[in-house]
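> This structure is in C-alpha coordinates; I'll ask about it shortly.
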Amino acid sequence: MSEFSHLDASGAPRMVDVGAKQETKRTAIARAVVELNAHTLELLKAKALPKGDVLTVAQVAGIMAAKRTAELIPMCHPVAITHADVRFSVQDEPPAVILEASASTTGRTGVEMEAIIAAQIAAATIYDMVKAVQKDVVIRDVRLILKSGGKSGLFKTDDPLLFEVEDTLLPLPKPLPEAWNGEGLAVACITLSDKGYAGMRVDESGPALLDMLSELSPAKRELFLLPDDPRALRKLVRDLASSGWGLIVTTGGTGLSPRDFTPEALLPVLDRRLPGFEQVMFSEGLAHTPRAVLSRCLAGTLGRTMLIALPGSRLASQENLAALLPVLPHALEKLNGDMSDCGRS
(Lines give C-alpha, C1' and ligand atoms only; values in the text may rest on other atoms or scores of the structure.)
Protein backbone atom coordinates (compact mmCIF):
# COMPACT_ATOMS: atom_id res chain seq x y z
CA MET A 1 0.00 0.00 0.00
CA SER A 2 3.00 2.31 0.44
CA GLU A 3 2.92 3.39 -3.24
CA PHE A 4 -0.02 5.68 -2.46
CA SER A 5 1.25 9.08 -1.28
CA HIS A 6 -1.61 9.60 1.18
CA LEU A 7 -1.40 6.12 2.75
CA ASP A 8 1.37 4.70 4.91
CA ALA A 9 2.69 1.12 4.71
CA SER A 10 -0.21 -0.19 6.78
CA GLY A 11 -2.83 1.54 4.67
CA ALA A 12 -3.57 4.29 7.18
CA PRO A 13 -4.05 7.83 5.87
CA ARG A 14 -1.13 10.23 6.22
CA MET A 15 -0.13 13.76 5.26
CA VAL A 16 2.66 13.88 2.70
CA ASP A 17 5.94 15.25 4.04
CA VAL A 18 6.89 18.20 1.83
CA GLY A 19 9.79 19.36 3.99
CA ALA A 20 12.40 18.40 1.39
CA LYS A 21 10.68 20.29 -1.46
CA GLN A 22 12.07 23.56 -2.74
CA GLU A 23 10.24 26.76 -1.92
CA THR A 24 8.92 28.50 -5.05
CA LYS A 25 6.28 31.05 -5.86
CA ARG A 26 3.06 29.19 -6.58
CA THR A 27 -0.22 30.46 -8.03
CA ALA A 28 -3.50 28.70 -8.81
CA ILE A 29 -6.71 29.94 -10.42
CA ALA A 30 -10.01 28.03 -10.38
CA ARG A 31 -13.15 28.83 -12.32
CA ALA A 32 -16.87 28.32 -11.72
CA VAL A 33 -20.06 29.28 -13.57
CA VAL A 34 -23.28 30.21 -11.77
CA GLU A 35 -26.31 30.05 -14.08
CA LEU A 36 -29.16 32.42 -13.20
CA ASN A 37 -32.33 33.48 -14.93
CA ALA A 38 -32.48 36.87 -16.62
CA HIS A 39 -34.62 38.47 -13.88
CA THR A 40 -32.25 37.40 -11.11
CA LEU A 41 -29.25 38.60 -13.08
CA GLU A 42 -30.78 42.05 -13.57
CA LEU A 43 -31.49 42.31 -9.83
CA LEU A 44 -27.91 41.22 -9.11
CA LYS A 45 -26.45 43.86 -11.44
CA ALA A 46 -28.66 46.54 -9.89
CA LYS A 47 -27.72 45.40 -6.37
CA ALA A 48 -31.45 45.12 -5.74
CA LEU A 49 -31.65 41.61 -4.30
CA PRO A 50 -33.09 41.27 -0.76
CA LYS A 51 -29.74 40.29 0.75
CA GLY A 52 -27.80 43.15 -0.87
CA ASP A 53 -24.58 43.31 -2.90
CA VAL A 54 -24.15 39.69 -4.01
CA LEU A 55 -20.73 39.82 -5.64
CA THR A 56 -19.02 41.74 -2.84
CA VAL A 57 -20.23 39.22 -0.26
CA ALA A 58 -19.25 36.31 -2.53
CA GLN A 59 -15.78 37.77 -3.00
CA VAL A 60 -15.21 38.04 0.75
CA ALA A 61 -16.56 34.51 1.28
CA GLY A 62 -14.22 33.09 -1.34
CA ILE A 63 -11.17 34.78 0.19
CA MET A 64 -12.13 33.53 3.67
CA ALA A 65 -12.56 29.99 2.31
CA ALA A 66 -9.13 30.03 0.67
CA LYS A 67 -7.56 30.84 4.04
CA ARG A 68 -9.33 27.92 5.76
CA THR A 69 -8.91 25.20 3.13
CA ALA A 70 -6.64 23.03 5.29
CA GLU A 71 -9.49 22.76 7.83
CA LEU A 72 -11.80 21.31 5.17
CA ILE A 73 -9.61 18.95 3.10
CA PRO A 74 -8.19 16.25 5.41
CA MET A 75 -4.64 15.86 4.05
CA CYS A 76 -4.23 19.42 2.74
CA HIS A 77 -1.27 21.31 4.18
CA PRO A 78 -1.84 24.62 5.97
CA VAL A 79 -0.36 27.18 3.59
CA ALA A 80 0.76 30.73 4.28
CA ILE A 81 -1.25 32.41 1.53
CA THR A 82 0.35 35.61 0.27
CA HIS A 83 -2.64 36.62 -1.84
CA ALA A 84 -6.20 35.51 -2.50
CA ASP A 85 -8.95 37.12 -4.55
CA VAL A 86 -12.17 36.39 -6.44
CA ARG A 87 -13.21 38.19 -9.63
CA PHE A 88 -16.45 38.07 -11.58
CA SER A 89 -17.68 38.50 -15.13
CA VAL A 90 -21.43 38.98 -15.56
CA GLN A 91 -22.73 37.43 -18.77
CA ASP A 92 -26.10 38.48 -20.16
CA GLU A 93 -26.62 35.67 -22.67
CA PRO A 94 -27.02 33.06 -21.41
CA PRO A 95 -27.48 34.78 -18.02
CA ALA A 96 -24.67 33.71 -15.71
CA VAL A 97 -21.89 34.87 -13.42
CA ILE A 98 -18.46 33.54 -14.35
CA LEU A 99 -16.06 33.70 -11.43
CA GLU A 100 -12.39 33.01 -10.95
CA ALA A 101 -10.67 32.49 -7.61
CA SER A 102 -6.94 33.01 -7.30
CA ALA A 103 -4.54 31.98 -4.54
CA SER A 104 -0.78 32.52 -4.27
CA THR A 105 1.99 31.54 -1.89
CA THR A 106 5.73 31.08 -1.71
CA GLY A 107 6.23 27.64 -0.25
CA ARG A 108 6.82 23.92 -0.68
CA THR A 109 3.34 22.90 -1.81
CA GLY A 110 0.78 24.35 -4.18
CA VAL A 111 -2.45 26.25 -3.68
CA GLU A 112 -4.71 24.47 -6.17
CA MET A 113 -7.08 23.34 -3.42
CA GLU A 114 -7.26 26.85 -1.97
CA ALA A 115 -8.32 28.23 -5.36
CA ILE A 116 -10.88 25.46 -5.95
CA ILE A 117 -12.43 25.79 -2.48
CA ALA A 118 -12.56 29.58 -2.88
CA ALA A 119 -14.38 29.21 -6.22
CA GLN A 120 -16.87 26.73 -4.78
CA ILE A 121 -17.65 28.82 -1.71
CA ALA A 122 -17.96 32.03 -3.73
CA ALA A 123 -20.39 30.25 -6.08
CA ALA A 124 -22.36 28.81 -3.16
CA THR A 125 -22.54 32.26 -1.59
CA ILE A 126 -24.05 33.65 -4.78
CA TYR A 127 -26.72 30.95 -4.48
CA ASP A 128 -27.35 31.84 -0.86
CA MET A 129 -27.70 35.52 -1.76
CA VAL A 130 -30.18 34.96 -4.61
CA LYS A 131 -32.20 31.94 -3.40
CA ALA A 132 -35.00 34.20 -2.14
CA VAL A 133 -35.90 35.00 -5.76
CA GLN A 134 -34.60 31.91 -7.59
CA LYS A 135 -34.25 28.33 -6.34
CA ASP A 136 -33.09 26.57 -9.54
CA VAL A 137 -29.64 28.17 -9.73
CA VAL A 138 -27.06 25.91 -11.38
CA ILE A 139 -23.40 25.87 -10.27
CA ARG A 140 -21.25 24.14 -12.88
CA ASP A 141 -17.79 23.72 -14.37
CA VAL A 142 -15.81 24.19 -11.15
CA ARG A 143 -12.26 23.41 -12.22
CA LEU A 144 -8.63 24.44 -12.07
CA ILE A 145 -7.64 26.57 -15.06
CA LEU A 146 -4.10 27.60 -14.09
CA LYS A 147 -1.33 26.37 -11.82
CA SER A 148 2.22 27.70 -11.82
CA GLY A 149 5.33 27.04 -9.76
CA GLY A 150 6.67 23.87 -8.21
CA LYS A 151 8.32 20.89 -9.87
CA SER A 152 5.55 20.31 -12.43
CA GLY A 153 5.68 23.92 -13.65
CA LEU A 154 2.87 25.58 -15.59
CA PHE A 155 -0.54 24.07 -16.25
CA LYS A 156 -3.03 26.24 -18.12
CA THR A 157 -6.28 25.61 -19.97
CA ASP A 158 -7.52 27.72 -22.89
CA ASP A 159 -10.04 29.53 -20.67
CA PRO A 160 -9.74 33.34 -20.74
CA LEU A 161 -8.37 34.69 -17.48
CA LEU A 162 -9.92 37.52 -15.46
CA PHE A 163 -6.61 37.77 -13.58
CA GLU A 164 -3.27 38.97 -14.92
CA VAL A 165 -0.75 36.25 -14.05
CA GLU A 166 2.83 37.40 -13.63
CA ASP A 167 4.26 33.88 -13.59
CA THR A 168 3.64 33.23 -17.27
CA LEU A 169 5.40 35.04 -20.08
CA LEU A 170 3.28 37.25 -22.29
CA PRO A 171 3.83 37.18 -26.06
CA LEU A 172 5.03 40.60 -27.21
CA PRO A 173 3.13 42.48 -29.90
CA LYS A 174 4.76 42.87 -33.31
CA PRO A 175 5.95 45.62 -33.49
CA LEU A 176 6.33 46.94 -29.95
CA PRO A 177 4.07 49.96 -29.36
CA GLU A 178 5.37 53.46 -28.85
CA ALA A 179 3.67 56.29 -26.97
CA TRP A 180 1.89 58.89 -29.10
CA ASN A 181 2.61 62.41 -27.91
CA GLY A 182 1.94 64.25 -31.15
CA GLU A 183 -1.05 66.22 -32.38
CA GLY A 184 -3.96 64.43 -34.00
CA LEU A 185 -5.45 60.96 -33.87
CA ALA A 186 -3.32 57.83 -33.44
CA VAL A 187 -5.04 54.68 -34.76
CA ALA A 188 -4.00 51.13 -33.88
CA CYS A 189 -5.26 47.99 -35.60
CA ILE A 190 -4.57 44.71 -33.77
CA THR A 191 -4.80 41.41 -35.65
CA LEU A 192 -5.35 38.44 -33.35
CA SER A 193 -4.18 35.22 -34.96
CA ASP A 194 -2.00 32.40 -33.68
CA LYS A 195 -0.97 31.47 -37.23
CA GLY A 196 -0.53 35.07 -38.32
CA TYR A 197 1.68 35.83 -35.32
CA ALA A 198 3.77 32.73 -36.06
CA GLY A 199 4.19 33.75 -39.72
CA MET A 200 2.13 30.80 -40.97
CA ARG A 201 -0.68 32.90 -42.46
CA VAL A 202 -0.75 36.21 -44.33
CA ASP A 203 -2.79 38.84 -42.50
CA GLU A 204 -5.34 40.25 -44.93
CA SER A 205 -7.80 41.85 -42.51
CA GLY A 206 -5.43 44.15 -40.62
CA PRO A 207 -3.93 45.99 -43.63
CA ALA A 208 -7.37 46.33 -45.24
CA LEU A 209 -8.84 47.87 -42.09
CA LEU A 210 -5.88 50.20 -41.67
CA ASP A 211 -6.41 51.44 -45.23
CA MET A 212 -10.08 52.12 -44.50
CA LEU A 213 -9.18 54.01 -41.33
CA SER A 214 -7.11 56.45 -43.40
CA GLU A 215 -10.50 58.09 -44.09
CA LEU A 216 -10.21 59.54 -40.57
CA SER A 217 -6.97 61.33 -41.57
CA PRO A 218 -5.04 59.96 -38.58
CA ALA A 219 -1.69 61.49 -37.69
CA LYS A 220 -0.35 58.02 -36.92
CA ARG A 221 -1.40 54.50 -37.98
CA GLU A 222 0.09 51.21 -36.89
CA LEU A 223 -0.75 47.53 -37.39
CA PHE A 224 0.05 45.13 -34.53
CA LEU A 225 0.09 41.34 -34.52
CA LEU A 226 -0.76 39.23 -31.48
CA PRO A 227 -1.60 35.56 -30.94
CA ASP A 228 -4.98 34.67 -29.44
CA ASP A 229 -3.86 35.47 -25.89
CA PRO A 230 -6.35 37.47 -23.77
CA ARG A 231 -3.71 38.67 -21.31
CA ALA A 232 -1.47 39.98 -24.08
CA LEU A 233 -4.44 41.73 -25.71
CA ARG A 234 -5.50 43.40 -22.46
CA LYS A 235 -1.96 44.58 -21.80
CA LEU A 236 -1.49 45.99 -25.31
CA VAL A 237 -4.87 47.77 -25.20
CA ARG A 238 -4.12 49.29 -21.80
CA ASP A 239 -0.63 50.34 -22.91
CA LEU A 240 -1.97 52.01 -26.06
CA ALA A 241 -4.84 53.74 -24.27
CA SER A 242 -2.60 55.07 -21.51
CA SER A 243 -0.03 56.39 -23.98
CA GLY A 244 -2.19 58.54 -26.22
CA TRP A 245 -3.70 56.28 -28.89
CA GLY A 246 -7.28 57.42 -29.58
CA LEU A 247 -8.75 54.53 -31.59
CA ILE A 248 -8.02 50.82 -31.29
CA VAL A 249 -9.58 48.35 -33.72
CA THR A 250 -9.10 44.60 -33.30
CA THR A 251 -9.80 41.88 -35.85
CA GLY A 252 -10.25 38.25 -34.88
CA GLY A 253 -11.41 36.27 -31.87
CA THR A 254 -15.10 37.24 -31.96
CA GLY A 255 -16.51 33.87 -33.05
CA LEU A 256 -17.25 30.64 -31.21
CA SER A 257 -14.10 28.57 -31.61
CA PRO A 258 -12.25 27.54 -28.42
CA ARG A 259 -9.59 30.23 -29.02
CA ASP A 260 -12.09 33.04 -29.70
CA PHE A 261 -12.15 35.17 -26.56
CA THR A 262 -11.60 38.76 -27.68
CA PRO A 263 -14.86 40.02 -26.07
CA GLU A 264 -14.06 38.26 -22.79
CA ALA A 265 -10.55 39.74 -22.86
CA LEU A 266 -11.76 43.29 -23.49
CA LEU A 267 -14.86 43.49 -21.29
CA PRO A 268 -12.88 43.87 -18.03
CA VAL A 269 -10.90 46.69 -19.67
CA LEU A 270 -13.79 48.83 -20.87
CA ASP A 271 -15.16 51.77 -18.91
CA ARG A 272 -18.33 51.93 -21.03
CA ARG A 273 -19.99 49.79 -23.69
CA LEU A 274 -21.27 51.27 -26.96
CA PRO A 275 -24.40 49.17 -27.62
CA GLY A 276 -25.39 51.26 -30.64
CA PHE A 277 -22.11 50.42 -32.36
CA GLU A 278 -22.59 46.73 -31.56
CA GLN A 279 -26.15 46.75 -32.93
CA VAL A 280 -25.03 48.41 -36.16
CA MET A 281 -22.28 45.82 -36.65
CA PHE A 282 -24.67 42.96 -35.96
CA SER A 283 -27.28 44.34 -38.38
CA GLU A 284 -24.68 44.94 -41.07
CA GLY A 285 -23.35 41.42 -40.78
CA LEU A 286 -26.82 39.90 -40.81
CA ALA A 287 -27.64 41.78 -44.01
CA HIS A 288 -24.88 39.78 -45.75
CA THR A 289 -25.04 36.33 -44.12
CA PRO A 290 -27.16 34.50 -41.52
CA ARG A 291 -23.89 33.31 -39.97
CA ALA A 292 -23.44 36.81 -38.57
CA VAL A 293 -25.49 35.63 -35.58
CA LEU A 294 -22.34 33.76 -34.48
CA SER A 295 -20.23 36.91 -34.32
CA ARG A 296 -19.73 38.64 -30.96
CA CYS A 297 -18.48 42.06 -32.01
CA LEU A 298 -17.85 44.55 -29.23
CA ALA A 299 -17.36 48.29 -28.87
CA GLY A 300 -16.63 50.56 -25.94
CA THR A 301 -14.36 53.16 -24.41
CA LEU A 302 -11.36 53.17 -22.11
CA GLY A 303 -10.70 56.71 -20.90
CA ARG A 304 -10.51 58.78 -24.08
CA THR A 305 -9.74 55.79 -26.26
CA MET A 306 -12.37 54.04 -28.37
CA LEU A 307 -12.17 50.26 -28.86
CA ILE A 308 -13.91 48.31 -31.64
CA ALA A 309 -13.60 44.52 -31.88
CA LEU A 310 -14.31 43.27 -35.41
CA PRO A 311 -14.51 39.75 -36.91
CA GLY A 312 -11.39 38.03 -38.24
CA SER A 313 -12.79 37.60 -41.75
CA ARG A 314 -11.44 40.30 -44.07
CA LEU A 315 -14.79 40.85 -45.78
CA ALA A 316 -16.86 40.79 -42.60
CA SER A 317 -14.50 43.15 -40.76
CA GLN A 318 -14.54 45.62 -43.66
CA GLU A 319 -18.34 45.53 -43.84
CA ASN A 320 -18.66 46.16 -40.11
CA LEU A 321 -16.14 48.99 -40.11
CA ALA A 322 -17.72 50.61 -43.18
CA ALA A 323 -21.03 50.79 -41.32
CA LEU A 324 -19.36 52.68 -38.45
CA LEU A 325 -17.08 55.02 -40.38
CA PRO A 326 -19.71 57.75 -40.99
CA VAL A 327 -20.20 58.32 -37.24
CA LEU A 328 -16.65 57.69 -36.01
CA PRO A 329 -15.33 61.28 -36.40
CA HIS A 330 -18.23 62.70 -34.37
CA ALA A 331 -17.98 59.90 -31.78
CA LEU A 332 -14.25 60.52 -31.28
CA GLU A 333 -14.84 64.26 -30.93
CA LYS A 334 -17.47 63.70 -28.24
CA LEU A 335 -15.25 61.21 -26.43
CA ASN A 336 -12.50 63.81 -26.29
CA GLY A 337 -14.62 66.54 -24.79
CA ASP A 338 -16.50 68.24 -27.64
CA MET A 339 -19.39 70.05 -25.94
CA SER A 340 -21.34 70.99 -29.06
CA ASP A 341 -24.98 69.92 -29.42
CA CYS A 342 -25.48 66.45 -30.91
CA GLY A 343 -29.14 66.93 -31.80
CA ARG A 344 -30.48 67.61 -35.27
CA SER A 345 -32.04 71.01 -35.82
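The values are calculated or read from the model by the stated rules, or taken from the named source; none is laboratory data. Just so it is clear, the model here is predicted, and its values are computed rather than measured. Please note: Cβ atoms are built from the backbone with ideal geometry, for glycine as well, and neighbour counts cover all protein chains shown.
> Tell me, which helices (runs of 4 or more DSSP H) wholly within region 270-343 include 1 or more residues that are under 23 Å from F224 (Cβ atoms), among the basic types (K, R) and in contact (Cβ under 8 Å) with a residue 12 or more places away in the chain?
Values: elements: 275-288, 314-324, 328-335.
Here the list reads 314-324.
> Checking the condition modelled with pLDDT of 95 or more and in contact with a Lys or Arg (Cβ under 7 Å, 6 or more places away or on another chain), which residue from L170, L274, L236, L210 passes?
Working: L170 fails: modelled with pLDDT of 95 or more; L274 fails: in contact with a Lys or Arg (Cβ under 7 Å, 6 or more places away or on another chain); L236 fails: in contact with a Lys or Arg (Cβ under 7 Å, 6 or more places away or on another chain).
Going through L170, L274, L236, L210 in turn, the sole match is L210.
Yes/no per residue for (1) outside any strand (DSSP E or B); (2) more than 15 Å from S148 (Cβ to Cβ):
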residue: F88; (1), (2): no, yes
residue: E93; (1), (2): yes, yes
residue: I98; (1), (2): no, yes
residue: A103; (1), (2): no, no
residue: G110; (1), (2): yes, no
residue: E114; (1), (2): yes, no
residue: I121; (1), (2): yes, yes
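> Let me ask something else about it. Considering only region 292-329, state which residues are out of contact with any helix residue (DSSP H, G or I) (no Cβ under 8 Å at 6 or more places or on another chain) and at pLDDT below 95.
L294
> List the residue pairs whose Cβ atoms are under 7 Å apart, where the first residue sits in region 225-241 and is acidic (D, E), the second is outside any loop (DSSP other than H, G, I, E, B) and surrounded by fewer than 22 Cβ atoms within 10 Å (Cβ to Cβ), and the two are 6 or more positions apart or on different chains.
Within 7 Å, the pairs are D228/D194.
> Would you confirm whether any residue within region 69-79 is out of contact with any Ser or Thr (no Cβ under 6 Å at 6 or more places or on another chain), surrounded by 14 or more Cβ atoms within 10 Å (Cβ to Cβ) and free of Cβ contacts under 8 Å to residues at least 24 places away in the same chain?
yes
> Testing G255 on (1) farther than 26 Å from L335 by Cα; (2) in a strand (DSSP E or B), one condition comes back false. Which one is that?
(2)
> Can I ask one more? Kindly list the number of the only condition in (1) surrounded by 17 or more Cβ atoms within 10 Å (Cβ to Cβ); (2) closer than 21 Å to E264 by Cα; (3) hydroxyl-bearing (S, T, Y) that fails for T125.
The single condition T125 does not satisfy is (2).
> Now for a separate question. Which number in (1) out of contact with any strand residue (DSSP E or B) (no Cβ under 9 Å at 6 or more places or on another chain); (2) under 16 Å from L213 (Cβ atoms); (3) not β-branched (V, I, T) marks the one condition that L328 misses?
(1)
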